[in-house]
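**Student:** If you scroll down you'll find the structure; I have some questions about it.
The values are calculated or read from the model by the stated rules, or taken from the named source; none is laboratory data. Quick caveat, the model's predicted, so the values are computed rather than measured. Here the Cβ is made from the backbone with ideal geometry for all residues, glycine too, and neighbour counts use every protein chain on show. For the accessible areas, the whole protein counts, side chains as well, though only heavy atoms, and no ligand, DNA or RNA atoms are used. Shrake-Rupley method; radii C 1.70, N 1.55, O 1.52, S 1.80 Å.
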Amino acid sequence: MAMTSTSPHSGRTIRMGRMTRHNLLMGLLFISPWLIGFLILTLYPIVASAYYSLTRYDAISPPEFVGLGNYVDLFTKNPLFWQAVGNTVYYAAIAIPLNICIAIGVALLLNMEVRGRSIYRTIFFLPSIVPDIAAAMLWAWILNPQFGLANAMLKALGLPTIGWLTDPDWSKPSLILINAWAFGGSVVIFLAALQDIPRQLYEAADLDGANAWVRTRYITLPMLTPVIFFNLINGIIGAFQYFTNAYVITGGQGGPAGSTTFYSLLLYRNAFSYFKMGYASAMAWILFAAVFVMTLLLFKSSGRWVYYEGGDNN
Amino acid sequence: MSIQIFNSNGKPMRMNRRNFLRVTAGLGGAAFLSACAAPAAAPAPGAPSGESQAPSGESQAPSTSGDQVALNVLWENWGDIYNNLMTEIGTDFNKTTPNVNVEWNFDPDWVTKLTTLIAANNVPDATLMRPAPLANLAPKGALLELDAYLKDAGVSRDDFIAPMYDSGLHDGKQYAIPGGADFICMFYSKDVYEAAGLDPEKPAITTEELLGHTKQMMQKDSAGDIQRAGYIPTAGSFVNWAYIHGGKFYDADSGKITANDPANIAAMEYLKEFVKLYDINKMAAFNARPGMFEAGNPFSTKQLGFVMDGFWFYEALDQHAPDLNYGVSWWPTLNDSDEDRKRYAMSGWMVSLPKGAPHTEEAWNFLKYGFIDNSARMGYLTLNGPCILKAAGDWEAGLKEKMGANNRMVPYLEFFSKTGALATNFFPVIPVQAFYQDELNRVFDLVMRDEVTPQAGLDEVTKNVQAELDKAMKPA
């Protein structure tokens, strides 16, 4: 049997030689553990969830086709859905830029020639390796309104105490604060990018009499834009899937007064508390579509603000 | 490349790369196919349940009496201490039935596990059960009807704590036997009573007294932070308060949700009276202290007058508050009468036999042994309320021995067993029970925060849950 493939350049059909065919088969065989895993554990669930999102399905009874019923119900009849969307957008809109700004700021500081720099870098990276659950428990204590360190400090300063996680006005900012604490991962990436900026750019700027702010504004930040872009995309994906801290700290209830009912929390509740798998699948696809559109828009806009050294954009 | 292997005579054989890859791929494929294959012994659930199963001879799979049987029991993870205590019941059963070995599978998310096991036709022989999953699984034919087994065992509804028995019913048939009842009573701090200038030997017995005593116990600092409180209502207690006020949550005859029953609204308004004494955020802050089973909880530190909890609370108090002077009394009612106390709601856990399990007969024998014949022992050993009424005496005696005759709790044990005997209500066993409870919790918080009135909030719950129930009951 002769195997053929089509050349991407000429469009002509190319006949595979015996060795090429053999190598292809061997290659496929060697990657087959991953390939089988991908097909069964990733691709199949994705396709299945698309189908289940059009059904009423509880994991035990056969799925009942309801068309777009789940989507219509979510958008038009479920006020909790919109509350969860609102909470998640609020969280994403503040947490993502805040995290990036803090990470850039700390990376700039850690990039300076100071004694003990590697120790500071280690210290700032440490929170990133604390498991999410442990971090949530730790912060629940720090922000405990009665015994927490945060309120103790406020009291010591003569300031009024705050119901960090018990007051609906403060619960989301508190969770954003917890998220901002674990910025070490982003700092490492920004640090790597900072060290990749050619020194001659700064030397030329120095010769032109540029001060620190001008160098940062016109050299450092533009050169960091690919990494900012990368962090932005990752941040959006992470923020819209935000779950662990909210689940652990509120015991899955999304309180107080629904202020921490995030999208993924509501999705989880529908899937594993109410066993509305079709409904939860529809929520998952809406989430995917939203993140996909936002990522697409960011990619479209990246030509205007992301600078790739050696690229053809400005 | 070639790989050296040895034949059965110990002589080396050579295998080239192609053959090695063929063999590896073949073995991998075979392993994959065998892993994906459905277990042969497990018939598919899903068909609507028909007539009641017979105790023997007609079970889903043939009994393997005489052979060694590993009984697979799915259980909620209660933590190592209580898991280990529960396994003692299995060990006792093993002694009486040497050919059956009870193998426990403790899982904190046992409902999800059970659901996936049922979906995969790989059910455990027995499983813990609660009303919410029962209401989902029983109508789908995933659980075995136990009426014939119960009849064969010579027990009926009259032998059990009624609301626990009724929680296992669906469509008039029994799908679970009661296992452990949550006997909840009122713990009150005699130290707080004294500090507030109240008589510690006269705890609040009516709803009016509870509110009055709470007012007297209330103490705040200059910043408005609560330093001492009486009773702090929680969303989880609302259902019992509503029943105590004469409320109801579901009308089985009409299939209607009745969350906005006038008595439920009255109960919500009553609880709001407590919250008015505190600032809601200050109250939430006070409640954010360590849980009742941890050191530093406000009852242990003599800063809280009342806690509604089960008898098992004594262990935490022994550990964290050895010098606390506390007592136990009835959960307050409107008029302090046994007639009033019959309105108590009871919850707890049950045990079911999933349909299609391989060792149904042995599993039933284990259920009967552990939760009917030895209900008292199971109860005092694992700190659960026994669901067999006549077991109350043995249970109390066993508990006294376990906790020590001088334990502060001993004089009050009777309140708990009597609470179980009196209770008649239970939260409705309907397919949307988890959603119903979440909706009540959500609205409770909003009502207490003055964001919605009790009437409007409970109207909303009624509407939302009814809509979900209608969808769930709609025939496929």
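**Student:** So which residues in region B:444-476 are over 21 Å from residue B:277 (Cα atoms) and not in a helix (DSSP H, G or I)?
**Tutor:** B:474, B:475, B:476
**Student:** If residue A:235 satisfies all but one of (1) in contact (Cβ under 8 Å) with a residue 12 or more places away in the chain; (2) open to solvent by less than 40 Å² (accessible area, probe 1.4 Å); (3) within 26 Å of residue B:447 (Cβ to Cβ), what's the number of the condition it fails?
**Tutor:** Of (1) in contact (Cβ under 8 Å) with a residue 12 or more places away in the chain; (2) open to solvent by less than 40 Å² (accessible area, probe 1.4 Å); (3) within 26 Å of residue B:447 (Cβ to Cβ), only one is false for residue A:235: (3).
**Student:** When you go through B:456, B:391 one by one, which is the residue that is surrounded by fewer than 23 Cβ atoms within 10 Å (Cβ to Cβ), aliphatic (A, V, I, L, M) and either touching a residue at least 12 places away in the same chain (Cβ under 8 Å) or within 14 Å of chain A (Cβ to nearest Cβ) (or both)? Reasoning before the result, please.
**Tutor:** Details: B:391 fails: surrounded by fewer than 23 Cβ atoms within 10 Å (Cβ to Cβ).
None of the other options fit; the residue is B:456.
**Student:** Going through region B:208-234 one residue at a time, which ones are within 14 Å of chain A (Cβ to nearest Cβ) and either open to solvent by 30 Å² or more (accessible area, probe 1.4 Å) or part of a loop (DSSP other than H, G, I, E, B) (or both)?
**Tutor:** Quick first cut of region B:208-234, residues within 14 Å of chain A (Cβ to nearest Cβ) only: B:220-229, B:232, B:234.
B:220, B:221, B:222, B:223, B:224, B:225, B:227, B:232, B:234 - these are the residues of region B:208-234 that are within 14 Å of chain A (Cβ to nearest Cβ) and either open to solvent by 30 Å² or more (accessible area, probe 1.4 Å) or part of a loop (DSSP other than H, G, I, E, B) (or both).
**Student:** A further question on this structure: Does residue A:251 meet the test of being free of Cβ contacts under 8 Å to residues at least 24 places away in the same chain and in the same structural domain as residue A:94 (by TED's automatic domain parsing)? First the steps, then the outcome.
**Tutor:** Values: free of Cβ contacts under 8 Å to residues at least 24 places away in the same chain: yes; in the same structural domain as residue A:94 (by TED's automatic domain parsing): yes.
Yes; evaluated as a whole, the condition is true for this residue.
**Student:** Of the residues in region B:459-473, how many are open to solvent by less than 30 Å² (accessible area, probe 1.4 Å) and either more than 9 Å from chain A (Cβ to nearest Cβ) or at pLDDT 95 or above (or both)? Give the steps one after another, and end with the answer.
**Tutor:** Taking region B:459-473 as the starting set, the residues that turn out to be open to solvent by less than 30 Å² (accessible area, probe 1.4 Å) are B:461-462, B:465-466, B:468-469.
Still in the list and also either more than 9 Å from chain A (Cβ to nearest Cβ) or at pLDDT 95 or above (or both): B:461-462, B:465-466, B:469.
Summing the residues that are open to solvent by less than 30 Å² (accessible area, probe 1.4 Å) and either more than 9 Å from chain A (Cβ to nearest Cβ) or at pLDDT 95 or above (or both) in region B:459-473 gives 5.
**Student:** With the condition kept exactly as written, say whether any residue in region B:247-262 is within 24 Å of residue B:188 (Cβ to Cβ), crowded, with 19+ Cβ neighbours inside 10 Å and among the charged types (D, E, K, R).
**Tutor:** We begin by selecting, within region B:247-262, every residue within 24 Å of residue B:188 (Cβ to Cβ); these are none.
No, region B:247-262 contains no residue that is within 24 Å of residue B:188 (Cβ to Cβ), crowded, with 19+ Cβ neighbours inside 10 Å and among the charged types (D, E, K, R).
**Student:** Restricting the search to region B:406-443, which residues are part of a loop (DSSP other than H, G, I, E, B) and within 14 Å of another protein chain (Cβ to nearest Cβ)? If you could, list the steps in order and put the result at the bottom.
**Tutor:** Just the residues of region B:406-443 that are part of a loop (DSSP other than H, G, I, E, B), to begin with: B:406-409, B:423-424, B:426-432.
Of everything in region B:406-443, those that are part of a loop (DSSP other than H, G, I, E, B) and within 14 Å of another protein chain (Cβ to nearest Cβ) turn out to be B:430, B:431, B:432.
**Student:** Still on this structure, I have one more. Go through (1) within 13 Å of chain B (Cβ to nearest Cβ); (2) assigned to a helix (DSSP H, G or I); (3) surrounded by 14 or more Cβ atoms within 10 Å (Cβ to Cβ); (4) of a type outside the set (A, V, I, L, M) for residue A:27 and report which single condition fails.
**Tutor:** (3)
**Student:** Looking at region A:255-267, can you tell me whether even one residue there is in a helix (DSSP H, G or I), within 23 Å of residue B:448 (Cβ to Cβ) and not charged (D, E, K, R)?
**Tutor:** In the first step, residues of region A:255-267 are kept if they are in a helix (DSSP H, G or I); the result is A:263-267.
Still in the list and also within 23 Å of residue B:448 (Cβ to Cβ): A:265-266.
Add one more test, that the residue is not charged (D, E, K, R), and what stays is A:265-266.
Checked against the condition, which is being in a helix (DSSP H, G or I), within 23 Å of residue B:448 (Cβ to Cβ) and not charged (D, E, K, R), region A:255-267 yields at least one hit.
**Student:** Let me ask something else. Any residue at all in region A:208-220 that is surrounded by 16 or more Cβ atoms within 10 Å (Cβ to Cβ) and either under 16 Å from the mean Cα position of the chain (by Cα) or of a type in the set (Ser, Thr, Tyr) (or both)?
**Tutor:** Yes; the residues of region A:208-220 include at least one that is surrounded by 16 or more Cβ atoms within 10 Å (Cβ to Cβ) and either under 16 Å from the mean Cα position of the chain (by Cα) or of a type in the set (Ser, Thr, Tyr) (or both).
**Student:** Among B:396, B:339, B:361, which is the only one that is surrounded by fewer than 18 Cβ atoms within 10 Å (Cβ to Cβ) and not in a loop (DSSP other than H, G, I, E, B)? Lay out the reasoning, then the answer.
**Tutor:** Details: B:396 fails: surrounded by fewer than 18 Cβ atoms within 10 Å (Cβ to Cβ); B:361 fails: surrounded by fewer than 18 Cβ atoms within 10 Å (Cβ to Cβ).
Just one listed residue meets the conditions, B:339.
**Student:** Another question about this same structure. Mind telling me which of the residues A:302, A:259, A:281 ends up being within 14 Å of chain B (Cβ to nearest Cβ) and in contact with a helix residue (DSSP H, G or I) (Cβ under 7 Å, 6 or more places away or on another chain)?
**Tutor:** Only one candidate passes the filter, namely A:259.
**Student:** Another question about this same structure. If you scan region B:263-278, which residues turn out to be open to solvent by 30 Å² or more (accessible area, probe 1.4 Å), closer than 30 Å to residue A:248 by Cα and either touching a residue at least 60 places away in the same chain (Cβ under 8 Å) or in contact with a helix residue (DSSP H, G or I) (Cβ under 9 Å, 6 or more places away or on another chain) (or both)? Break it down into steps so the answer makes sense when it comes.
**Tutor:** Filtering region B:263-278 for residues open to solvent by 30 Å² or more (accessible area, probe 1.4 Å) gives B:266, B:269, B:273, B:276-277.
Narrowing further to those that are closer than 30 Å to residue A:248 by Cα: B:276-277.
B:277 - this is the single residue of region B:263-278 that is open to solvent by 30 Å² or more (accessible area, probe 1.4 Å), closer than 30 Å to residue A:248 by Cα and either touching a residue at least 60 places away in the same chain (Cβ under 8 Å) or in contact with a helix residue (DSSP H, G or I) (Cβ under 9 Å, 6 or more places away or on another chain) (or both).
**Student:** Kindly evaluate residue A:287 against the criterion of being closer than 30 Å to residue B:433 by Cβ, open to solvent by less than 40 Å² (accessible area, probe 1.4 Å) and within 14 Å of chain B (Cβ to nearest Cβ). Write out each step before concluding.
**Tutor:** Values: closer than 30 Å to residue B:433 by Cβ: yes; open to solvent by less than 40 Å² (accessible area, probe 1.4 Å): yes; within 14 Å of chain B (Cβ to nearest Cβ): no.
Taking the combined requirement at face value, the residue does not satisfy it.
**Student:** How about region A:120-203: which helices (runs of 4 or more DSSP H) wholly inside it have at least 2 residues that are open to solvent by 30 Å² or more (accessible area, probe 1.4 Å) and within 14 Å of chain B (Cβ to nearest Cβ)?
**Tutor:** On the way: elements: A:132-142, A:149-156, A:168-181, A:184-195.
Correct list: A:132-142, A:149-156, A:168-181.
**Student:** Filtering region B:209-235 down to residues that are touching a residue at least 60 places away in the same chain (Cβ under 8 Å) and out of contact with any strand residue (DSSP E or B) (no Cβ under 9 Å at 6 or more places or on another chain), which residue is farthest from residue B:327 (Cα to Cα)?
**Tutor:** Looking at residues that are touching a residue at least 60 places away in the same chain (Cβ under 8 Å) and out of contact with any strand residue (DSSP E or B) (no Cβ under 9 Å at 6 or more places or on another chain), I get B:225.
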